[in-house]
Amino acid sequence: MDSQKSQPQKSSSCRRKKNEEATFIEDLKDHIDEFIHASMDEHKTCFQKTINKMFGLSKAVAEKNANAANGVESSLPLQTTLQD
């Protein structure tokens, strides 16, 4: 619990890249370190945000598809040719 007090509070408990110039391996190490040292509440909050975001995106896609289905559809006439 003392480690939580020594760390500065983050505005979001979900993962953000600390250094834009970090290599992939450095970023991965930071990510693993954050994951291991995060409290259960931080994990829970991040999980809930992720789930809500996923459902929000799926709802937006469904609404977009519904609006597209209600729009004007165009079709080309079927042309057939017979060869002798």
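Checking the table K29/K59; K17/K64; K17/K49 against a 25 Å threshold on Cα-Cα, which pairs fail? From K29/K59; K17/K64; K17/K49, over 25 Å: K29/K59; K17/K64. Rounded to 0.05, the FRET efficiency of the T23 and F47 pair, given R0 = 22 Å and the Cβ-Cβ distance, is 0.20.
Were the residues from H37 through C14 laid out at 0.36 nm apart, the gain over their Cα-Cα distance would be 7.0 nm.
Read-outs throughout are calculated quantities, based only on the coordinates presented, and are distinct from any laboratory measurement. All values derive from a computational prediction rather than experimental measurement. Methodologically, a virtual Cβ is constructed for each residue, glycine included, from the backbone with ideal geometry; neighbour enumeration extends over all protein chains shown.
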